[in-house]
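The values are calculated or read from the model by the stated rules, or taken from the named source; none is laboratory data. Here the structure is a predicted model, which is why all the values come from computation and not from measurement. Cβ placement follows ideal geometry from the backbone for every residue including glycine, while neighbour counts extend to all protein chains displayed. These area figures cover heavy atoms from the full protein model, side chains too; ligands, DNA and RNA do not enter into them. Shrake-Rupley method; radii C 1.70, N 1.55, O 1.52, S 1.80 Å.
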Amino acid sequence: MGRRKGGLSFYRKKKKISSTAIREIAEWFFLVFTAVLIATVLVLSIGMRTSVIGVSMEPGLYNGQEILINHFIYKLVSPKRGDVIVFLPNGNQNTHYYVKRVVGLPGETVQIQNEALYINGVLAEEDGSYDKIADAGIAENEITLGSDEYFVLGDNRNSSEDSRSGNIGPVKRENITGKAWFHMASSGSGMGFIK
């Protein structure tokens, strides 16, 4: 007598993965890998990372906060008033990077009097978020910037070592590493672009 076919079967049918699904998954992984590779190459080729040292840029940037620097942009354009730049004072390779805001451009005159900043003899237009400047430093007397010099100040004007200090003075273009453009999250703020 023959066995009956059609009773209970404990064998499962093997599911087949279609070649179309495998191809789609492979394409997706390739696109993700390519995007990560391009992002890494861009950051490493045009940018670098450093930390803010001190409280001179508060409340926008905090001590120890990491920032990304675009060191390629100033090969194409000149720094503008209001840019937050990263530089080595006097080109000194044995010091940390300084992070400050550009307030005076090449060829301009800069002076601090009556606790305020004057550019070319005119009171600088600032948004009012900065403290009055208690110490004018070397800018107590009018300073004329050279054709490749920038005058920089920290946003926290009364707790900043910047162009007012005799050991820093105006910053030469050749000593500017790049533009600070993005800050990482810290206890004081989230991630974001630098204004």
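At 222 nm, what value in deg cm²/dmol follows for the chain if DSSP H runs of at least 4 each add -39500 (n - 2.57) and the sum is divided by all its residues, to the nearest 500?
Rounded to the nearest 500, it is -5000 deg cm²/dmol.
Report Rg/Rh for the chain, rounded to two decimals, where Rg is the Cα radius of gyration and Rh the Kirkwood radius.
1.41
Full-extension gain between S165 and F29, please, as 0.36 nm times their residue separation minus the C-alpha to C-alpha distance.
43.6 nm
Expressed as a whole percentage, what fraction of the accessible surface of region 76-132 belongs to carbon and sulfur atoms when a 1.4 Å probe is rolled over the protein heavy atoms?
Carbon and sulfur together cover 44 percent of it.
As an exercise, identify the trypsin sites (Lys or Arg not before Pro) in region 65-145 lying in DSSP coil whose Cβ has no more than 12 other Cβ atoms within 10 Å.
K80, K132
Determine the relative contact order of the chain: mean sequence separation of Cα pairs under 8 Å and six or more apart, normalised by residue count, in whole percent.
Reported as a whole number, the value is 23 percent.
Working from Cα positions, state the angle (0 to 90°, nearest 10) between the long axis of helix 19-46 and the longest principal axis of the chain.
Orientation of helix 19-46: about 20 degrees from the principal axis.
Tell me, in nm to one decimal, what length is gained between R173 and L76 on full extension, where the rule is 0.36 nm per residue of separation less the Cα-Cα distance?
Answer, rounded to one decimal: 33.6 nm.
Which net charge results for the neighbourhood of T50, defined as the other residues with beta-carbon distances under 15 angstrom from its beta-carbon, given Lys and Arg at +1 and Asp and Glu at -1?
Net of charged neighbours comes to +2.
Read phi for every residue in region 154-163 and hand back ³J(HN,Hα) as whole Hz from Karplus 6.51 cos²θ - 1.76 cosθ + 1.60, θ = phi - 60°, with x for Gly and Pro.
Per residue, the Karplus-derived 3J(HN,Hα) values read x, 5, 8, 3, 9, 9, 9, 9, 9, 5 Hz.
Total Lys pairs in the chain closer than 23 Å by alpha-carbon, pairs eight or more apart in sequence or interchain only?
19
Per residue, how much accessible area does region 116-192 show when a 1.4 Å probe rolls over the protein heavy atoms, in square angstrom?
52
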